[in-house]
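Read through the structure below, which is laid out as structure tokens, and then see the notes.
The values are calculated or read from the model by the stated rules, or taken from the named source; none is laboratory data. Treat the numbers as computed from the prediction; the structure is a model and nothing was measured. Here the Cβ positions follow ideal geometry from the backbone for every residue, glycine too, while neighbour counts run over all protein chains shown. The protein model used for the area step is the full one, side chains on, heavy atoms only, and it has no ligands, DNA or RNA in it. Shrake-Rupley method; radii C 1.70, N 1.55, O 1.52, S 1.80 Å.
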Amino acid sequence: MAIIKNKKLDKALGKEVFAELLKEFQKVNSFNRLEEFLNKFMTFGEKTLFIRRIAVIKLLERKISYRNIKSLLDISTGTIRKINDIVAGRGYGKNPNRKRKYSTFLNQKPFKPFRRKYKGAPNLIDLL
């Protein structure tokens, strides 16, 4: 019996893990317990990302612009957009109404590789 197969947990083990996680969630009733919880399950980098994403959600609720959120939290607009999609219930990066920006070649000069013109072989007499 394989517990982990193709990087996925066995269903029985998955239920057991989620039950344990739920028990730990229920213990969180103060800032100290929350800090203990986060320290138990996350690295420093994971906690930082997690807290920044929650901050993005709060700032989006306050109708703060993407540009201001980006400068406040030093986070990319793509990440802000993805978090906004998740909060709006569209899933991770699945907004069918988003306008895609593609580069256009209309305003660009045609590409010409830099090549020197061949002037021919040097004269052997001049080399001596």
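At the residue level, V56 shows approximately 0 square angstrom of accessible surface with a 1.4 angstrom probe and all protein chains present. Please list, by residue number, everything in segment 23-55 whose backbone N is under 16 Å from a paramagnetic label point 7 Å out along Cα→Cβ of T79. Flagged as within label range: 43-55.
Amide H to amide H, with H built 1.01 Å from N, L9 comes under 5 Å of no residue 5 or more places away or on another chain.
Rounded to the nearest whole Hz, the Karplus-based 3J(HN,Hα) values (6.51 cos²θ - 1.76 cosθ + 1.60, θ = phi - 60°) of segment 19-34 follow the sequence 5, 5, 5, 5, 4, 5, 4, 5, 6, 7, 9, 8, 5, 5, 5, 5, with x at glycine and proline.
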